[in-house]
Amino acid sequence: MRPSRNDVAKEAGVSPTTVSRVINSRGYISENTRKKVNEAMERLGYYPNELARSLSKNQSSLIGLIFPSLTNPFQMELITHLEMLLSQINYKVLICNSQNNPENEKKYLDMLRRNQVEGVIVNSLNETLPEYYIPDLHIVSVDRKINARIPVISSDNYEGGKMAVQKLIDKDCQKILYIGGVNNNINMDANKRYRAYLDLIKNFNLTPVTLDLDFTLSYEEKYDKIKDFLLKNTFIDGIFTDDDSAIISLNIANELKIDVPNELKIVGFDGSNLTLQYVPELTTIQQPIKKIADLSVQTLLSVINGEKPDNITNLSTKLKLGTSC
């Protein structure tokens, strides 16, 4: 049986009220009494009920993070920054991996509300969920437009996309393949990369070549689809896609003995530290991941405080040169 507050009081030789004051740092408590209570809690293995304490103060100091994957390097790095930043201002974090499943996402949102979280930062693909329209739920979205009241923090995907395609064109690529979500209607800011691709292809009188690829597919599924496409379309001399698919394309090129960058040039998008550490040869558009985390936290705090921050924030990207282009 877990020790109670009364057990701590008896062990320390003080009243339960004194124990409560020590735990909640309320009222005057001598250092000697504080020490006796803390030592008694340690001996008994007593831990205060944080949720009960939070509810009594009408604030939980909890923030929820909902992401569709915990394996994507961009999302992993973003979550790491978010957790660190929130920890520095005394917030605890509940990390939820929805696995891009709307039912999981609904369950997590319900769980977060039941735990009285003060706010949620989401990277959702299921923006139509009615739970996102609950007025008293403080939410900030990363990369996805959910509804008019929820602020979106994102990189400037359109300008980043233009930068990538322009680099390929400057390197004399004529048959540039775009790999990514082509036929979806999701309000992802990342879709602006595709629009940038189409605009530049049109401006330079080139013919668009696309492979519609859901980013939630497994590595093996992506590998097979990209490999099959390149085997059937040997004229491809340039590829623009996200970092994961760019790395897969590099691996396929190596398997098929395609010379990168002489025969095929590849530009990715994301530029996480993990990716750049393990695949330094990749040329990519680097997102300011720490800035995205900083601004997401600042914006969520503003929303929690009843302020109305900017609805959409686009942060600048930069070209990180490797040897793949």
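The values are calculated or read from the model by the stated rules, or taken from the named source; none is laboratory data. This is a predicted model, so every value here is computed, not measured. For neighbour counting, all protein chains shown are included, and Cβ atoms are generated from backbone atoms with ideal geometry for every residue, glycine included. Note: areas computed on protein heavy atoms with side chains; ligands, DNA, RNA excluded. Shrake-Rupley method; radii C 1.70, N 1.55, O 1.52, S 1.80 Å.
Scanning region 61-95 for residues being assigned to a strand (DSSP E or B) and either among the basic types (Lys, Arg) or within 25 Å of residue 276 (Cβ to Cβ) (or both) gives a total of 4. Open to solvent by 90 Å² or more (accessible area, probe 1.4 Å), under 24 Å from residue 165 (Cα atoms) and either part of a strand (DSSP E or B) or touching a Cys at 6+ places or on another chain (Cβ under 8 Å) (or both) - does that describe any residue in region 311-320? For region 311-320, residues open to solvent by 90 Å² or more (accessible area, probe 1.4 Å), under 24 Å from residue 165 (Cα atoms) and either part of a strand (DSSP E or B) or touching a Cys at 6+ places or on another chain (Cβ under 8 Å) (or both): present. The test for being on the phi < 0 side of the Ramachandran plot, surrounded by fewer than 22 Cβ atoms within 10 Å (Cβ to Cβ), part of a loop (DSSP other than H, G, I, E, B) and without any contact (Cβ under 8 Å) to a residue 60 or more places away in the chain holds for residue 147. Of the residues making up region 161-199, those that are assigned to a loop (DSSP other than H, G, I, E, B), buried (at least 18 other Cβ atoms within 10 Å of the Cβ) and at pLDDT below 95 are 181, 189, 190. Candidates are the residues of region 276-296 that are part of a helix (DSSP H, G or I) and open to solvent by 10 Å² or more (accessible area, probe 1.4 Å); the one that is nearest to residue 75 (Cα to Cα) is 290. Suppose the filter is modelled with pLDDT under 95, open to solvent by 50 Å² or more (accessible area, probe 1.4 Å) and not aliphatic (A, V, I, L, M); does residue 101 pass it? In short, yes. If the condition is being assigned to a helix (DSSP H, G or I) and among the acidic types (Asp, Glu), then region 96-144 contributes 103, 105, 110, 131. For residue 106, the stated conditions do not hold, so it cannot be described as closer than 21 Å to residue 242 by Cβ and either crowded, with 20+ Cβ neighbours inside 10 Å or over 12 Å from the mean Cα position of the chain (by Cα) (or both). Taking (1) polar (S, T, N, Q); (2) within 28 Å of residue 129 (Cα to Cα); (3) out of contact with any Lys or Arg (no Cβ under 9 Å at 6 or more places or on another chain) in turn, residue 154 satisfies each apart from (3). Only one entry of 158, 219, 223, 132 meets the criterion of being within 30 Å of residue 298 (Cβ to Cβ) and open to solvent by 30 Å² or more (accessible area, probe 1.4 Å), and that entry is 158.
Taking residue 168, is it more than 30 Å from residue 303 (Cα to Cα) and touching a strand residue (DSSP E or B) at 6+ places or on another chain (Cβ under 8 Å)? Spelling it out, residue 168 is indeed more than 30 Å from residue 303 (Cα to Cα) and touching a strand residue (DSSP E or B) at 6+ places or on another chain (Cβ under 8 Å).
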